[in-house]
Amino acid sequence: MDKAGSAPGASEAPATGGGGDDVLAENIRKAEGYLSRFKSGVVPHFIAGKLDEGRSGETFENLTPIDNSRLCDVARGDAADIDAAANAAAEAFREWSRTPGKERRRILHRIADLIEARAEEIAFVECIDTGQPIRYMSKAAERGAVNYRFFADKAPEASNGLSLPDVEHMNYTLRAPVGPVGIITPWNTPFMLSTWKIAPALAAGCTVVHKPAEWSPLTALLLAEIMQEAGLPEGAVNLVHGFGEDAGVALTEHQAIKAIAFIGESATGSKIMAQGAPTLKRVHFELGGKNPVIVFDDANVDRAVDAAIFMIYSLNGERCTSSSRLLVQKGIYDEVVGRVAERVAKIKVGHPLDPTVWVGPLIHTRHCDKVMGYMDVARADGAKVPVGGGRSDYSDKGNFVAPTLFAGADTSMRIAQEEIFGPVLTAIPFEDEAEAIEIGNDVRYGLAGYVWTGDVARAHRMAHALDAGMIWVNSQNVRHLPSPFGGTKASGIGRDGGDYSFDFYMETKNVCIALGDHRIPKMGV
Ligand code: NAD
């Protein structure tokens with residue numbers, strides 16, 4: 001049965017049931033309005049303060065994952081476009097890097113205001129472009145605006161350093177923006193992630209060339225327009241669409257670009273490091289994850305089950321910090337897995353603009369095929385599939401996958417080792433604390449870990465022993481912007497958030513001043 005309707009913007013609402021139909025019809029009508037501008041021509045780059053159709057005239061097709069129909073054509077950036085954008089960023093750096101922090105703060109707050117004013121447009125465009133459900137994307141603009149406000153308020157103090165007095169000298173440090181930076185973002189929550197990278201770069205005084213993912217290019221243009229309207233100088237932020245292998249490579253190799261902030265797959269991170277080596281690029285990587293949620297038998301199981309389900313099936317499971325491995329202590333394993341299975345079977349899959357939907361279509365047929373491939377891998381490796389394990393029956397036109405649970409897995413299986421990046425959870429039993437740590441750490445990734453226990457000492461022991469950049473105890477993933485965000489092992493290099501972001505976007509300079517006539521050796525006298 002195909003319930004998805006004829007097109008993402010179809011005026012007739014697909015029959016989704018569950019009471020969201022009227023709202024869905026209205027949302028589709030509004031989305032069609034917001035998307036019409038993209039459909040009327042080629043979606044351009046934004047270079048040196050102007051819309052720019054690119055030097056080659058090449059374009060690529062942008063599809064919606066709802067039914068894989070063509071949404072629009074997008075300018076396909078190449079090395080020449082990157083060169084124009086990088087030069088514009090270098091030119092703008094002269095002015096922006098010297099703009100007083102208070103003025104940078106004012107402009108960044110203005111960007112936040114304008115994001116809030118266009119929140120619905122951003123959310124609807126993002127839903128159609130990525131397949132992410134509106135229940136999460138309705139907050140994407142709000143989260144983006146909060147990112148700008150947070151770093152806006154830090155801009156005036158970004159160049160502050162330390163006072164390091166010695167007996168005969170006074171040392172102090174200053175921080176200066178590193179230069180024009182390249183920001184390369186993925187497709188899972190593109191608007192929010194772009195703001196998370198661009199806001200601290202601008203607050204630090206850097207200028208930016210942004211290369212968004214080719215599977216989700218649209219909200220990047222909205223953000224570029226907003227930033228210009230807010231009063232950013234021409235060239236301070238430039239946007240070049242295109243593929244990793246040409247626009248992405250050119251950006252990482254460009255001489256004028258001093259650093260690359262990248263969010264994406266670990267394998268792409270390795271390539272970027274190699275591509276940036278000849279120009280000695282500074283890199284900051286937020287990469288993949290295979291994060292454990294570890295539930296001990298002394299935990300509040302009700303809350304642990306709620307959090308484990310939410311952290312893997314929200315955002316279509318296309319989430320770097322998803323709790324993709326459910327590790328449960330043996331005594332409560334059957335009970336917990338049974339409860340999770342019952343709930344997962346009831347998660348509503350459907351059109352991303354239906355406010356009652358929890359899981360939408362995956363970004364692209366290629367990614368959908370990858371996720372579906374793990375259904376066969378799981379069965380071949382001997383795991384059980386108590387729920388899901390196939391395509392959702394919502395629609396066979398789009399990339400809809402049934403929320404899936406793999407049970408009875410062990411840590412050596414591919415479904416326990418590899419990042420699937422879909423609504424797919426792998427449950428693994430463990431005996432005791434030592435085994436939980438061993439299994440928890442037995443992956444190449446180290447982004448996040450979630451621990452559920454009623455024993456405060458065990459909570460600390462686990463937090464210390466898990467090899468991951470972020471540990472949440474008796475909590476789902478709740479972000480606190482001053483706290484460091486990032487991973488260990490194949491999950492990343494560097495930290496974002498608070499002052500940590502400035503460690504990347506700024507150089508620290510030491511100034512040493514003699515306080516008197518200290519001894520200077522008299523050579524050649
Ligand atoms: P991806 O690595 O395929 O692509 C990300 C970006 O890199 C895209 O813009 C792409 O065009 C570009 N790119 C590809 N090859 C390139 C190259 N050789 N040089 C320069 N740029 C290149 O990742 P994706 O599939 O878009 O995103 C999903 C991945 O992102 C997952 O692994 C997920 O875990 C990760 N992710 C991590 C975080 C985090 O904070 N750790 C957050 C979100 C997503």
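The values are calculated or read from the model by the stated rules, or taken from the named source; none is laboratory data. What you see is a predicted model, and the numbers here were worked out from it, not measured in a lab. Here Cβ is always computed from backbone atoms with ideal geometry, including for glycine, and neighbour counts include all displayed protein chains.
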When the range 22-77 is checked residue by residue, the ones that are among the β-branched types (Val, Ile, Thr) and over 17 Å from residue 122 (Cα atoms) are 23, 42, 47, 59, 66, 74
Where residue 267 falls short, out of the listed (1) closer than 30 Å to residue 456 by Cα; (2) within 11 Å of the ligand (Cβ to nearest atom); (3) in a helix (DSSP H, G or I): (1)
How about the range 397-454: which of its residues are surrounded by fewer than 21 Cβ atoms within 10 Å (Cβ to Cβ), under 27 Å from the mean Cα position of the chain (by Cα) and polar (S, T, N, Q)? 411, 417, 441
Please state which of the following conditions residue 460 fails to meet, knowing it meets all the rest: (1) more than 23 Å from the chain's Cα centre (by Cα); (2) under 21 Å from residue 331 (Cβ atoms). (2)
Might you let me know whether the range 505-512 holds any residue that is crowded, with 21+ Cβ neighbours inside 10 Å and among the aromatic types (Phe, Trp, Tyr)? yes
For the range 235-258, pairs from a residue that is away from the ligand (no atom under 12 Å from the Cβ) and in a loop (DSSP other than H, G, I, E, B) to a residue that is modelled with pLDDT of 95 or more and of a type in the set (Asp, Glu), with Cβ under 7 Å and 6 or more apart or across chains, are 235/91
Search the range 278-305 for residues that are closer than 30 Å to residue 258 by Cβ and pair each with any residue that is of a type outside the set (A, V, I, L, M) and away from the ligand (no atom under 11 Å from the Cβ) when their beta-carbon atoms are under 6 Å apart and the residues are at least 6 apart or on different chains. 279/255; 284/504
Looking at (1) closer than 21 Å to residue 284 by Cβ; (2) over 20 Å from the mean Cα position of the chain (by Cα); (3) part of a helix (DSSP H, G or I), find the lone condition where residue 95 falls short. (1)
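Suppose we filter 335, 318, 286 for residues that are under 25 Å from residue 469 (Cβ atoms) and surrounded by fewer than 24 Cβ atoms within 10 Å (Cβ to Cβ); which single one remains?
When all the criteria are applied, what remains is 318.
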